[in-house]
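Let me begin by presenting the structure, written as structure tokens, before commenting on it.
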Amino acid sequence: MEKDEFIFRLIDQESLRQYEDIELIASENFVSSQVLKAAGSVLTNKYAEGYPNRRYYGGCQVIDLVEQTAIDRLKQLFQAEWANVQPHSGAQANMAVFLACLQPGDHFLGLGLSHGGHLSHGASVNFSGISYKALEYGTEKTSGYIDYQQLEHIAVKKMPKLIIAGASAYSREWDYKRIRLIADKIGAIFMVDMAHTAGLIAAKLLNNPLHYAHIVTSTTHKTLRGPRGGVILIGNDFENPWGKTNTNGRIKMMSEILDSAIFPGIQGGPLEHIIAAKAIAFYEALQPEFIIYQKQVKKNAQIMAKLLNEKGYKLISGGTDNHLVLVDLRSKFPKLSGKYAERTLVNAGITANKNMVPFDDRSPFLTSGLRFGTPAITTRGAKESLIEEIVELIDVVLSNVDNNKIIDSVKKKVNILMKDYPLFAW
Ligand SMILES: Cc1ncc(COP(=O)(O)O)c(C=O)c1O
């Protein structure tokens, strides 16, 4: 068969874009060459419905070792008692928790989308908001920090069965202990979605939610720097909260319920090539170099926050404890929407994304905010000096959004600058 020149040309084009431009999308990263190799390996050929040593297909003797290794490494990385590495994505991991813990129509409580929450934490257009009754808490107007008082007030009043912490656009540490106490007060399950911060948590630069939450979900492709995918974990204090029994009268543990929720609940055959790539990423995350990398991710975000502040940009919560900053553009450019700012930055070779800010007066399609993150640029070797140059360039672009000459000259500078930063750090 002839080679599909068209698609391979597009892959080359995308490689060049990733190499030449500055990547500041907080949820993206660049995987190592060995993660990439495993993700494109012959393991994609294998059906392996079920779990290690209990499959619905023959020929899984090698696959079982791959999946069990991924599970063991993931448990070690986060000090978990149990893990499932099969979710195809972060949203799938969350969906499985909903299926395991709730009945359709049940109430649950998560961080509102416009305050930094994720679609799968209750957006009206998502399965979570369609099949279940979503309640939301937010951030405090003045501080930009999670409004724990509001969270508790809603929890006590509405008695949701599940409380979710974790976000897509929140730059501060979470008080997991406080939320667990609230959950215990009303008998709710406490789930943390650590998709964004998993890498920093693995490096022990942020609190480990496994010590507080009943269930933890994550993606593997953000700060954790693995292939695109999801995982579910259980910490060491989980007890079967409902005393659910199966037909033999035996108590079903949460791990069994979650395994069944993934398969056969919402997925068929696991992506074993991706699970192999996850296993490699977990191995990489267990190495000392990973801690050095994550420290730099955090340092870079902090210097970015400081420099943006100095240039007159208002940051939600005033700064950052993790890998991202959320800018409220209205402070410096009241007429500039996040959408227009994003498009102009992309034209200048700087990729970031528009984002709602708390109490935004623009729609989710326009927004008043921009989200910047440092995981990807740090993988390419960025230190503080490069971040200084990047903030300068961002400010030039946003101050001249309608000046094509300036935008083109920034694009040229960006492309030259990035030639000194290799794409594969490992
Ligand atoms: C907090 C959080 N959870 C879940 C997801 C969903 O992950 P995926 O895109 O893999 O479904 C995201 C994605 O950005 C996220 O930020």
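Students often check this: by mean Cβ neighbours within 10 Å, which of 364-376, 166-178, 339-351 ranks highest, and how do the rest follow?
Numbers: 364-376: 23.5, 166-178: 21.6, 339-351: 20.0.
So the peptides 364-376, 166-178, 339-351, ranked by packing, come out 364-376, 166-178, 339-351.
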| request: Pop out the Kirkwood hydrodynamic radius of the chain from its pairwise C-alpha distances, inverse of mean 1/r, in Å to one decimal. | output: 22.4
| message | Just to be sure I understand the rule: take each whole DSSP H helix in the chain, project its Cα atoms onto its long axis, keep it if the span is 20 Å or more and its mean Kyte-Doolittle hydropathy is at least 0.5. Which ones pass? | response | 384-399
| query | Which residue, GLY50, GLY199, GLY235, tops the fluctuation ranking in a GNM of the chain built on C-alpha contacts under 10 Å? | reply | GLY50
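Can you list the GluC sites (Glu not before Pro) in the stretch 364-426 that are in a DSSP coil and have 11 or fewer other beta carbons within 10 angstrom?
Working: sites: GLU384, GLU388, GLU389, GLU392; in loops: none.
Here no loop site has a sparse enough neighbourhood.
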| Efficiency of FRET from Cβ geometry, MET159 and TYR57, R₀ 41 Å, rounded to 0.05 | 0.40
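Taking every DSSP beta bridge that has both residues in the chain, what percent is antiparallel when rounded to the nearest 5?
Numbers: 22 of 38 bridges.
Rounded to the nearest five, the antiparallel share is 60 percent.
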| query | How big is the stretch 90-165 by Rg and Dmax over its Cα atoms, in Å? | reply | 12.0, 37
| Carbon plus sulfur fraction of accessible area for the chain, probe 1.4 Å, in percent | 54
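Per residue, what accessible area does the chain have, given a 1.4 Å probe and all protein chains present, in Å²?
Details: 18630 Å² over 426 residues.
Roughly 44 Å² per residue, with all protein chains present.
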| remark: Over 28 Å (Cα to Cα) among LYS46/LYS161; LYS185/LYS298; LYS133/LYS335; LYS339/LYS405; LYS75/LYS133 -> LYS46/LYS161; LYS185/LYS298; LYS133/LYS335; LYS75/LYS133
| request: Please calculate the 1.4 Å probe accessible area of ILE163, with all protein chains present, and give it to the nearest 10 Å². | output: 0
| query | Of ILE7, GLY110, TYR212, whose Cα points farthest to the positive end of the dipole of the chain (charges on the beta-carbon: +1 Lys, Arg; -1 Asp, Glu; origin at the Cα centre)? | reply | GLY110
| request: Taking the Cβ of HIS221 as the centre, find all other residues whose Cβ is under 12 Å away and add up their charges (Lys, Arg: +1; Asp, Glu: -1). | output: +3
| For the stretch 34-285, what Kirkwood radius comes out of the mean inverse Cα-Cα distance, in Å? | 18.4
| remark: Here the residues of the stretch 347-367 lying in the modelled label zone of SER124, meaning backbone nitrogen under 13 Å from a point 7 Å along Cα-to-Cβ, are 364
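Given all pairs of different Cα atoms, what value in angstroms does the Kirkwood hydrodynamic radius of the stretch 1-68 take?
15.4
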| task | Measure off 7 Å from each Cα along the Cα-to-Cβ vector at LYS133 and ASN403, then give the distance between these two points in nanometres to one decimal. | result | 5.5
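The values are calculated or read from the model by the stated rules, or taken from the named source; none is laboratory data. Quantities reported herein were computed from a predicted structural model and do not represent experimental measurements. Using ideal geometry, Cβ is built from the backbone for each residue, glycine included, and neighbour counts are taken over all protein chains shown. SASA here: full protein model, heavy atoms, side chains in, ligands and nucleic acids out. Shrake-Rupley method; radii C 1.70, N 1.55, O 1.52, S 1.80 Å.
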